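Student: A single structure is presented below for examination.
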Amino acid sequence: MSAAPILASTTASSLAPQNVTAPYVPAPGTAPAGAFAVGKRVLEFSRGADRPLPTTVWYPATGEARPSPDPVDDAPAAPGRFPLVLFSHGLTAQPGDYAPMLTRWAQAGFVVAGPTYPRTSYGAADFYAPDIVNQPQDASAVLDALLALADPLGAIIDRDRLGAAGHSGGGITTVGLFSAHRDERLKAGVVLAGTDFQGTPFTGPSAAMLFVHGRKDNTVTYRAGHAVFAAVPWSRAMLSITDGGHVTQADDFEATTVTSTEFLRWALYGDTAARGRIPAAARTGDVATLETDL
C-alpha cells in the first residue's frame, strides 16, 4: 500500500485508467416491487476500547409505507431477508445528515447501517481528518458486528448481498474497502464525491461501482473522482451532476437517490430490470449525465 497522505488525491488521482476486464454478474433475483415502512435503531459497536463506532441502522419495517419515509424507532423488522449497505459519512458529518437518501434506500428494501467514526464525525472530541486512513477497517468491523447480531434485525440481513457507500471522506473510505483494505464480502459500492485511497488500485473479486460527482466540486475535484471511476476494472457507472458541488442539493437529490437506488437493486438483488431503468433515473430533473459500463 502507498504511503501517500490519505487526502493527497482530492485534486487529482494517480490511478491509471483501466478497461473493464472483470464484469460483475450478480446472482439473479428481483427487488421488492413495493415500498416498506422504515425502522431505526442505534447500536453501540466498537473496534477496541479507543474506537467507539455507534451505528445507526435504517431497515425495512412492518407497517404502512409513507411517501416520505419517517423512521420509527425500534419498529419490528419486515419479514424476509434484505441486502445490507454500509454507509460512511464525510468529514464533520454524521449518519443522520444523510437520512433523506438512506431512508429511501431502506424503503426500497435495503438494510442501511451508518457508523459514526470516532475522529472525523461532527462533534468528535479529538477531530483528525487523516484518521480516514483507519476507517475501512472500522467499516469492516461494523460489518462483522452486524452479521453477528442474533436478534430479529440480524435475521433479516442477507449475508450474501453486501455493499458499501459513502460521501467525501466516507467515499474515500468506501474506495478503501475495494482497494487497500479490500473486504471481499462486498459486491457493490456507491462513491459520492470521493477519490482514491492512498493511490491504491482496485483489487479482489469483481464488484459493481457507481460514482456520483458534481462537476463544480471544489473540495474533491471532479477530475479526481472521474479518474477513480475510470480506474475500476469491473462493472462501473458515473453520474455527473452538471452544476453540482461537493454535497447533494435539492435540485439534484432526486436524480442521485433514484439512480443509486436502481443501481443497488441491480447490484445486490440481481434485478436486471432495475439495471435497465438506470439511464432514465439518471435523466431525472435533467441535472446530470451518465457514463455506464454496467
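Student: Among the residues in the stretch 65-88, are any among the β-branched types (Val, Ile, Thr), surrounded by fewer than 19 Cβ atoms within 10 Å (Cβ to Cβ) and under 20 Å from Ala35 (Cα atoms)?
Tutor: Within the stretch 65-88, one or more residues are among the β-branched types (Val, Ile, Thr), surrounded by fewer than 19 Cβ atoms within 10 Å (Cβ to Cβ) and under 20 Å from Ala35 (Cα atoms).
Student: Give the stretch 17-45 a look and list any residue that's of a type outside the set (A, V, I, L, M, F, W, C) and surrounded by 16 or more Cβ atoms within 10 Å (Cβ to Cβ), or say none.
Tutor: Tyr24, Pro26, Pro32, Gly39, Lys40, Arg41 - these are the residues of the stretch 17-45 that are of a type outside the set (A, V, I, L, M, F, W, C) and surrounded by 16 or more Cβ atoms within 10 Å (Cβ to Cβ).
Student: Identify, from the list Val232, Val220, Val247, Val175, the residue that is part of a loop (DSSP other than H, G, I, E, B), in contact with a Phe, Trp or Tyr (Cβ under 7 Å, 6 or more places away or on another chain) and among the hydrophobic types (A, V, I, L, M, F, W, C).
Tutor: Details: Val220 fails: in contact with a Phe, Trp or Tyr (Cβ under 7 Å, 6 or more places away or on another chain); Val247 fails: in contact with a Phe, Trp or Tyr (Cβ under 7 Å, 6 or more places away or on another chain); Val175 fails: part of a loop (DSSP other than H, G, I, E, B).
Going through Val232, Val220, Val247, Val175 in turn, just one is part of a loop (DSSP other than H, G, I, E, B), in contact with a Phe, Trp or Tyr (Cβ under 7 Å, 6 or more places away or on another chain) and among the hydrophobic types (A, V, I, L, M, F, W, C): Val232.
Student: Given the options Gly285, Gly199, name the one that is over 22 Å from Val85 (Cα atoms) and either without any contact (Cβ under 8 Å) to a residue 12 or more places away in the chain or not in a loop (DSSP other than H, G, I, E, B) (or both).
Tutor: Gly285
Student: Considering only residues that are hydroxyl-bearing (Ser, Thr, Tyr) and under 18 Å from Leu153 (Cα atoms), which ones fall in the stretch 22-78?
Tutor: Thr55, Thr56, Tyr59, Thr62, listed by residue number.
Student: On to the next question. Find all pairs meeting these conditions: Cβ atoms under 6 angstrom apart; at least six residues apart or on different chains; first residue within the stretch 236-265 and surrounded by fewer than 23 Cβ atoms within 10 Å (Cβ to Cβ); second residue part of a helix (DSSP H, G or I) and of a type in the set (S, T, N, Q).
Tutor: That search, which allows pairs on different chains as well, returns Thr248/Thr256; Glu254/Thr284; Val258/Thr284.
Student: Another question, then. Taking the residues in the stretch 123-158 that are among the small types (Gly, Ala, Ser) and not in a helix (DSSP H, G or I) as candidates, determine which candidate is surrounded by the most Cβ atoms within 10 Å (Cβ to Cβ).
Tutor: Ala124
Throughout, read-outs are computed from the coordinates displayed, never taken from laboratory work. Note that the structure is a prediction, hence the values are computed from the model and not measured. Using ideal geometry, Cβ is built from the backbone for each residue, glycine included, and neighbour counts are taken over all protein chains shown.
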